[in-house]
Amino acid sequence: MIWQLDLFLLLFVIICALAAINVRDLLSAAIILGAYSFFMCMLWAEMGAVDVAFTEATVSAGVGTVLFVAAVFKTVRRSKD
Amino acid sequence: MLRSRYQDIIAQTIVRIMVPFVQIYALYVLAHGHYSPGGGFQGGVILAASLVLIFLVYGYENALERLKLATAGRLCSLGVLIYAGIGFLCLLLGGNFLDYSRLAPIFQVSLPRARSLGILGIETGVALAVMAAMYSIIMDIVNSDTGNGESHAAGHEIENGETSSDGK
């Protein structure tokens, strides 16, 4: 565990989370959420929870992003609020 | 839009090369779930991701040719059956639910070996169920409209209506 690397990855996680909430385009939000999951996965792996990192990478960054993109194509792309 | 075949020679070639390796890796994760990160759930999700990759690049109908939704439903049930079957087999042999040591006399192996093989069987069932369920969910979400692109056109109408009402 290197706390500088932890802090660096946490910074990226927070940036991606805020961007995914604030962006107006829902497709961009889905992709940014995938990036969030990827950084979260790197953070888990760096902190030693490799099994959790594995699940995060496969479920959230892999299949979840496709699920969100497919859902976005079924609705309107712009956020209302 | 996702249902139409996406014609891109680079993506198609890369996916054609990648998918066998992804599936072999999924089987590796599944088989080494006892003593390394991974296991049935992760292996199943990676298997589903390889199928979804085929669907994304080669199109909806092409993915359905590889694994039909009815087959996926049966595989999902088969996975649950394997899990519950091994569990109840141990129960029938006088042990607790999922007490793998009771399987040792049947398969003529030592107790630790029986536990290891029992966990492998359980995880195979979990992987089958997870793969089929993930694949079915994504294919059903993509195919949730009745016609080809009708709901998409309707979505655009709503979008245009909203923008015009905003303009007023």
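The values are calculated or read from the model by the stated rules, or taken from the named source; none is laboratory data. For clarity, every value in this text was computed on a predicted model and none was experimentally measured. Using ideal geometry, Cβ is built from the backbone for each residue, glycine included, and neighbour counts are taken over all protein chains shown.
For A:W44, the conditions (1) among the hydrophobic types (A, V, I, L, M, F, W, C); (2) buried (at least 18 other Cβ atoms within 10 Å of the Cβ); (3) modelled with pLDDT under 90 are fulfilled apart from (3).
Restricting attention to the stretch B:99-116, the residues that are part of a helix (DSSP H, G or I), out of contact with any Lys or Arg (no Cβ under 9 Å at 6 or more places or on another chain) and surrounded by fewer than 16 Cβ atoms within 10 Å (Cβ to Cβ) total 6.
Select from the stretch B:85-103 the residues that are at pLDDT 90 or above and under 12 Å from B:L117 (Cα atoms) and list them in ascending order. Result: B:I86, single match. Remark: pairs (first residue in the stretch A:54-73, more than 8 Å from chain B (Cβ to nearest Cβ); second residue charged (D, E, K, R) and surrounded by fewer than 22 Cβ atoms within 10 Å (Cβ to Cβ); Cβ separation under 7 Å; 6+ apart in sequence or on different chains) are absent. Contact annotation: residue pairs with Cβ atoms under 6 Å, 6 or more positions apart or on different chains, pairing a residue in the stretch A:1-30 that is farther than 16 Å from A:E56 by Cβ with a partner that is among the charged types (D, E, K, R), are A:L5/A:E46; A:L26/A:R77; A:L27/A:R77. Considering only residues in the stretch B:12-36 that are under 16 Å from the mean Cα position of the chain (by Cα) and of a type in the set (V, I, T), the one that is farthest from A:V50 (Cα to Cα) turns out to be B:V19.
The number of residues in the stretch A:19-53 being at the interface with chain B (Cβ under 10 Å from one of its Cβ atoms) and either β-branched (V, I, T) or not in a helix (DSSP H, G or I) (or both) comes to 3.
Condition check ((1) at pLDDT below 90; (2) touching a helix residue (DSSP H, G or I) at 6+ places or on another chain (Cβ under 7 Å); (3) closer than 27 Å to B:E123 by Cα; (4) buried (at least 18 other Cβ atoms within 10 Å of the Cβ)) across all residues:
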| position | (1), (2), (3), (4) |
| --- | --- |
| B:S4 | yes, no, no, no |
| B:R16 | no, no, no, no |
| B:Y25 | no, yes, yes, no |
| B:H34 | yes, yes, yes, no |
| B:S50 | no, yes, yes, yes |
| B:V57 | yes, yes, no, yes |
| B:E61 | yes, no, no, no |
| B:G79 | no, yes, yes, yes |
| B:Y83 | no, yes, yes, yes |
